[in-house]
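All of the numbers you see were taken from the coordinates with simple rules; none came from a lab. These figures come from a predicted structure and were not determined experimentally. All Cβ positions, glycine included, derive from the backbone under ideal geometry; neighbour counts span all protein chains shown.
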Amino acid sequence: DLYSQVHGWIFDADHVSGRNVSDSHGDLDATINGELVLDEHPAALVLDGETTHVSVDGIDESKLPARNISAEAWVVLNEGTRWGGIMGYLQDTGDFEKGWVLGYDSSDFVFALSTDSDLTYMDSPRDFEVGTWHHVVGTYDGSTMRLYVDGELVETSQSRSGDIDYSEADFTLGAYVD
């Protein structure tokens, strides 16, 4: 099914064992790096903003979609930063721009994606609310990028088309790693 969830990581007692997080929809388990703090209500991994992040094991571009991608997360931010990552598979070193990221900056949510070796960044027009849960989704269908915040379409871009460019990178949750 084109629109079914392929992978998902839930940070609760049913899915976290030690530092391992089982994939609730697929076969790509993940590893929690850094400080390990889990909240129970609602189930969440608390990130320290410096060392804590989640690495998805055994993933490379052959397991990632060329098009038709949706990256979705529930997040609470206590502060913004210049390069904040919610999840992504990205390599952005100067002119070498490959992959995608759903993230945030000092005040907005962002979604970025590369085709033709060039990243396009979109950001939400309204600032996120510090200390409040937000539902953030970035999508791409091969011709249109979309960013949703709390169920509302807040930004679209047609500046990317075709397959997503990938290069060897780390699939990371909770940090901007390139």
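Applying 1/(1 + (r/R0)^6) with R0 = 35 Å to the Cβ-Cβ distance of residue 163 and residue 41, what FRET efficiency is obtained, to the nearest 0.05?
In this case the efficiency is close to 0.30.
Under 5 Å between amide H atoms, partner at least 5 residues away or on a different chain: which partners does residue 108 have, H built in plane at 1.01 Å?
Sorted by chain and number, the residues that satisfy this are 128.
Among 39-46, 98-105, how do they line up by average Cβ neighbours within 10 Å per residue, starting with the highest?
Highest mean packing first, the order is 98-105, 39-46.
Find how much the distance from residue 4 to residue 29 grows on full extension, using 0.36 nm per residue of separation minus their present alpha carbon separation; answer in nm with one decimal.
Gain in length upon complete extension: 7.2 nm.
What distance in nm lies between label points placed 7 Å from Cα along the C-beta direction at residue 141 and residue 50?
A separation of 4.4 nm, rounded to one decimal place.
In debye, nearest 20: dipole of the chain around its Cα centre with unit charges on the Cβ of K, R (+) and D, E (-)? The partial results should precede the final answer.
Values: 8 positive and 35 negative charges, 48 e Å.
Roughly 240 debye, rounded to the nearest 20.
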